[in-house]
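What follows is one structure encoded as structure tokens, with my remarks underneath.
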Amino acid sequence: MLPPRPPPRPLDAHGLPAASRLERRAALAVAAVATAWFTLAAAWEMFGPLLAGHYASSASVGIIAENMLRWKILGPVWEYTAARPTPDMYYCHHPWGIFWTTAAFLEIFGRHDVICRLPAVLLSAATPPRASPARSPNRGPPYWKSTVLRRKAPGDAA
């Protein structure tokens, strides 16, 4: 014989099982440890030398930021130029947000090697707390049971 089923847990405002105080505190502790560990890993070589080859990507981000500020352009150009760069020189292989962020940091803090890596480290450190999705409210029946999303076929239950 099977043991009796435990009573259902109380629901929160979103219609999901409510987390106990211990579960909430444990989740916050795990998020804090993950954030600290991820920040340490991201910042590990922040003050190290800027290398060559593919390892020089942070130096390229710095060059792009300097070009944006010097020429007052929004597009990233990863080579120094003697004249204003044209749009055909824009580097379009990666999203431009990190270039804009680095340009803002360069404008605020000045030209330092650490500025090439600082925005990426700070944006990475902000990731773990935002990694868990927000709880969404219940949306009612699944789509295949919704009379709004599909018409009932003859013979469907009411």
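Here are a few things to note about the model shown:
- Likely footprinting exposure, Trp96, Trp44, fewest C-beta neighbours within 10 Å first: Trp44, Trp96
- Here Trp100 and Ala131 are evaluated by their C-beta separation; at R0 = 22 Å the FRET efficiency comes out at 0.45.
- Estimated FRET transfer efficiency when R0 is 35 angstrom, pair Trp44-Thr86 (beta carbons, to 0.05): 0.40
- Relative intensity, log₁₀ I(q)/I(0), of segment 1-141 from a Debye sum that treats every alpha carbon as a point, q = 0.21 Å⁻¹: -1.25
- Sorted fewest first by neighbouring Cβ atoms within 10 angstrom, Arg24, Arg117 come out as Arg24, Arg117.
- Order of Met46, Met68 - criterion: other Cβ atoms within 10 Å of each residue's Cβ, fewest first: Met46, Met68
- Spin-label model, Val33/Arg70: points 7 Å from Cα along the beta carbon direction are separated by 4.8 nm.
- Nearest-20 debye value, segment 22-130 charge dipole, Cβ charges on Lys, Arg, Asp, Glu: 280 debye
Rule-based calculations on the coordinates, nothing more; no lab input. Not measured: the values here are computed from a predicted model. Glycine gets a Cβ as well: all are built from the backbone with ideal geometry, and neighbour counts include every protein chain shown.
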